[in-house]
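First the structure, in the form of structure tokens, and then the observations on it.
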Amino acid sequence: MFCPKCGSLLLPKKEGSKKVLMCSCGYKSSNVEQTKITETVTKKEKDVEVIEKEVNVLPKIKEKCEKCGHDTAFYWTMQTRAGDEPETKFLRCEKCKHTWRDYD
Ligand SMILES: [Zn+2]
Ligand SMILES: [Zn+2]
């Protein structure tokens, strides 16, 4: 969102329970983007859903489950934080579905 008056980037600010977009020139917009938080949550849920669905086609490796002792687990990698962070490897026991992270 940019300021219609001077073209600068508008900064979100809290005004009581309302969120407004403010510009350094004094311009204030009440055109609130309240969907931001909801969007993030929805995206997270979708990611989980994808994993649940696709787990059966994931590659398997020999890895011992600390919970049930089974020796085969599904694995996948996921970018958990910012792009410059290394990918995190996740493992899920084929038998008991116990899921854990693998830190190299
Ligand atoms: Zn402005
Ligand atoms: Zn297990």
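The values are calculated or read from the model by the stated rules, or taken from the named source; none is laboratory data. In this text the structure is predicted, and so the values were computed from the model without any measurement. Neighbour counts run over all protein chains shown; Cβ positions are idealised from the backbone, glycine included.
Couple of notes before you dig in:
- Some residue of region 57-76 being at pLDDT below 90 and among the polar types (S, T, N, Q): no
- Some residue of region 25-37 being modelled with pLDDT of 85 or more, part of a strand (DSSP E or B) and out of contact with any helix residue (DSSP H, G or I) (no Cβ under 7 Å at 6 or more places or on another chain): yes
Residue-wise test of (1) hydroxyl-bearing (Ser, Thr, Tyr); (2) on the phi > 0 side of the Ramachandran plot.
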residue: Gly69; (1), (2): no, yes
residue: Tyr75; (1), (2): yes, no
residue: Met78; (1), (2): no, no
residue: His98; (1), (2): no, no
